[in-house]
Amino acid sequence: AIPFDEWKRGLEKYQCTDNSRLEALILSHKQALSKDKKVFRDMYKWAFGFLVDPEEKKMRLEVFKYVVPHLLGENTAHVKPFLTYLDYLEANPQDAQKSKNILYTDKSDTRPKNISKDQWQTFYTFINVVKDDQDFTGYDPNLSSWPVVFDDYIGWRKSGGYEKFVSQQDAD
């Protein structure tokens, strides 16, 4: 993690005095990073360590759900549907528990709470391999070893779970 003083100096250097300026700075850096896939991938891997407490080995779901659209873009294939899937799992913890270790959970609660480093890194690979979030081109459960959460996400999407959950949320 970056010490607060260093973070503050960086914000002052780039004249980030509010969230809108910080978001604009992130967007400009993201555009520069997007030109070099290897550099972006390395930054994405680094971000996990930056975003978690050094004592933890997992990322809180709320951090994941906030950061991923900013890093990868909300319109990137799978980003919005996968985040919706995480919302679905939080609302339906019994489905999250059907698969062992689908997401790390707090021992005091049955709801999914965290993303592991492997899930974080594999998500980036997943969205680059399984490019189409309608027909799932590139996804083959027999040839790849995705973490269970991605297999379950694909099953949920193919069964119409995304559409059902979104329409249910819209009705509420």
Just checking, how many residues over the stretch 78-121 are assigned to a loop (DSSP other than H, G, I, E, B), open to solvent by 20 Å² or more (accessible area, probe 1.4 Å) and either at pLDDT 90 or above or out of contact with any helix residue (DSSP H, G or I) (no Cβ under 6 Å at 6 or more places or on another chain) (or both)?
8
What are the residues in the stretch 138-157 that are within 20 Å of Ser116 (Cα to Cα) and in contact with a helix residue (DSSP H, G or I) (Cβ under 9 Å, 6 or more places away or on another chain), if any?
Ser144, Trp146, Pro147, Val149, Phe150, Asp152, Tyr153
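Determine, yes or no, whether Thr17 is part of a helix (DSSP H, G or I), of a type in the set (S, T, N, Q) and either over 22 Å from Glu163 (Cα atoms) or at pLDDT 85 or above (or both). Break it down into steps so the answer makes sense when it comes.
Numbers: part of a helix (DSSP H, G or I): no; of a type in the set (S, T, N, Q): yes; either over 22 Å from Glu163 (Cα atoms) or at pLDDT 85 or above (or both): yes.
So Thr17 fails the test.
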Can Trp46 be described as open to solvent by 90 Å² or more (accessible area, probe 1.4 Å), under 19 Å from Ile115 (Cβ atoms) and of a type outside the set (D, E, K, R)?
yes
Some residue of the stretch 127-143 being within 30 Å of Lys37 (Cβ to Cβ), under 13 Å from the mean Cα position of the chain (by Cα) and not polar (S, T, N, Q):
yes
Does the stretch 134-147 contain at least one residue that is outside any loop (DSSP other than H, G, I, E, B) and either within 30 Å of Ala24 (Cα to Cα) or at pLDDT below 90 (or both)?
no
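So for the stretch 46-56 (the condition being more than 23 Å from Glu6 (Cα to Cα), assigned to a helix (DSSP H, G or I) and not aromatic (Phe, Trp, Tyr)), does at least one residue qualify?
No: zero hits.
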Of all the residues that make up the stretch 20-43, how many are surrounded by 13 or more Cβ atoms within 10 Å (Cβ to Cβ) and not in a helix (DSSP H, G or I)?
0
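The values are calculated or read from the model by the stated rules, or taken from the named source; none is laboratory data. Note that the coordinates shown come from a computational prediction; the quantities given were computed from them, not determined experimentally. Quick reminder, even Gly has a Cβ in these numbers, built from the backbone with ideal geometry, and neighbours come from all protein chains shown. Remember, those area values only see protein heavy atoms, side chains included, never the ligands or the DNA or RNA. Shrake-Rupley method; radii C 1.70, N 1.55, O 1.52, S 1.80 Å.
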